[in-house]
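The values are calculated or read from the model by the stated rules, or taken from the named source; none is laboratory data. Because the structure is predicted, anything quoted here is derived from the model rather than measured. Using ideal geometry, Cβ is built from the backbone for each residue, glycine included, and neighbour counts are taken over all protein chains shown. Side chains are part of the model used for accessible areas, which takes the heavy atoms of the whole protein and leaves out ligands, DNA and RNA. Shrake-Rupley method; radii C 1.70, N 1.55, O 1.52, S 1.80 Å.
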Amino acid sequence: MNYYDEIKKELVNNEVYKKVKDYSKNKNDLKTYYNVGKLLNEAGSHYGEGIINKYSKKLTDELGKGYGISNLKRMRLFYYRIEKGATMSHYLNWSHYYELIKFDDIREFNYYVKIIEDQTLSVRELRERIQNKEYERLDDKTKLKLANKEILKIEDLVKSPILVKNKFNSEKISEKMLQELILEDLPSFLKELGEGFCFIENEYKIKIGDVYNYIDLLLFNYFHNRFAVVELKTTELKKEHIGQIETYMHYIDENVKKWYHDKTIGIIICRKNNKYIMAYCSDEKILSRKYELV
């Protein structure tokens, strides 16, 4: 087989296809680069690694820019990843895959493919998610569920730690300051909690007996059809925090939740997780997550 001629034909056909089939060029780009990667891999096994340098020079001379050594190696790496089980999705373009092919862990690769599909992430948004190490902050049980393509619960995608952008020149902040930081960049905070969260109100007033109390943040998750009570603590998790959020969750269930809503979930965001306290709390609807100022 003349590997060079086959590679050139794939690339030329792809350039023609881009001009006349604009609506599906992502799909054809990916198919082309996969095929080129496969041919480069086979050519390399016959002629050695130096063949990429030779092909790159010829392709650049004959077809123009875009076929440098680095780009050809990326096409080959793309082929390797797909062969190992990475998802090739026409919802993603080559620029998305340019960011993803560096991941050796196919589960991490496929996690980002899924959120790009589900949330129509731009390349810039994808880079931000990767820089924030979103996949790494999921717990091992969630990663296993993703690998097995199991249905995820609301708590599975709440990151740990939760990253909060800090405009204050201090690591020591009050609960009011923490709430201010969250509210100033609310979209980012909701993404830290996972998919489907929307904001209802901060300092949500409730009356228990003759006493008014204030829920730090009241949210609703439209994917899971349930309210979420969020309490912010700048100390380590304590037993009284569990009792407090249980009271608030019960109030929302009795006075706000409708019959068609699932039971309210509680999320305590604290300076540090206390595993002993969480072991003491057997309610699976209560989550504890550490926050980290960045």
Using only the heavy atoms of the protein chains and a 1.4 Å probe, how would Lys141, Lys165 rank by accessible area, largest first? Lys141, Lys165
So what are the three principal axis dimensions of segment 27-80 from its Cα atoms, in whole Å, longest to shortest? 27, 26, 14
Just to compare against my own numbers: the Cα pair-distance distribution for segment 156-231, 10 Å bins, whole % per bin, please. 17, 47, 29, 8, 0
Evaluated at 25 °C and 0.890 mPa s, the Stokes-Einstein D of segment 101-224 based on the Kirkwood radius over Cα pairs, in µm²/s, stands at 149 µm²/s
Per 0.36 nm of contour for each residue apart, how much would the distance between Lys239 and Tyr80 grow if the chain were fully extended, relative to their Cα-Cα spacing? 52.2 nm
Take the Cα radius of gyration of segment 197-249 and divide it by 2.2 N^0.38 Å, with N its residue count; two decimals is plenty. 1.20
Tell me the mean residue ellipticity at 222 nm calculated for the chain from its helices only (DSSP H runs of n ≥ 4, each -39500 (n - 2.57), averaged over every residue, nearest 500). -15500 deg cm²/dmol
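In segment 1-154, what percent of the accessible surface is made up of carbon and sulfur (1.4 Å probe, ligands and nucleic acids excluded)?
Result for segment 1-154: 47 percent of the exposed heavy-atom area is carbon or sulfur.
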Options (1) 130; (2) 173; (3) 120 are given for volume of the Cα convex hull per residue in Å³, and the computed one is (2)
Can you work out the FRET efficiency for the pair Leu63 and Tyr98, with r the C-beta to C-beta distance and R0 = 25 Å, to the nearest 0.05? 0.80
How many times 2.2 N^0.38 Å is the alpha carbon radius of gyration of segment 36-142? 1.22
Cα-Cα separations in segment 172-213 greater than 14 Å, expressed as whole percent: 60 percent
How far apart, in nm, are the 7 Å Cα→Cβ label points at His90 and Tyr4? 3.4 nm
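For Lys73 and Cys198, calculate 0.36 nm times their separation in residues minus their Cα-Cα distance, and state this gained length in nm to one decimal.
Answer, rounded to one decimal: 40.8 nm.
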Return the single residue from Asp104, Asp61, Asp140 with maximal mean-square fluctuation; model: Gaussian network over the chain, springs between Cα atoms under 10 Å. Asp61
Explain nothing, just the number: relative contact order of segment 133-260, from Cα pairs under 8 Å at least 6 residues apart, as a whole percent. 16 percent
Packing-ranked peptide list from 145-155, 236-246, highest mean Cβ count within 10 angstrom first, is 236-246, 145-155
Checking understanding here: applying a Kyte-Doolittle mean of at least -1.0 and a length along the axis of at least 18 Å (C-alpha), which whole DSSP H helices in the chain pass? 69-83, 106-119
Would you mind telling me which residue in Gly66, Gly209, Gly194 has the biggest mean-square fluctuation in a Gaussian network model of the chain, where springs connect alpha carbons within a distance under 10 angstrom? Gly209
I'd like the distance separating the alpha-carbon centroids of segment 240-258 and segment 86-155, in whole Å. 34 Å
Those residues of segment 107-143 whose amide nitrogen sits under 17 Å from the label point placed on Met278, 7 Å along Cα→Cβ: 135-143
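Relative contact order (percent) for the chain, with alpha-carbon contacts under 8 angstrom and 6 or more residues of separation?
Relative contact order, the chain: 11 percent.
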In the P(r) worked out for segment 212-287, what percent of Cα pairs fall beyond 14 Å? 59 percent
Calculate the radius of gyration of the Cα atoms of segment 1-94 to one decimal place, then report Dmax, the largest Cα-Cα distance, as a whole number, both in Å. 12.9, 38
So with the 1.4 Å probe, I'd like the accessible area per residue for the chain, rounded to whole Å². 55 Å²
Quick check: pseudo-label points 7 Å beyond the Cα along Cα→Cβ at Lys165 and Gln119, how many nm apart are they? 1.5 nm
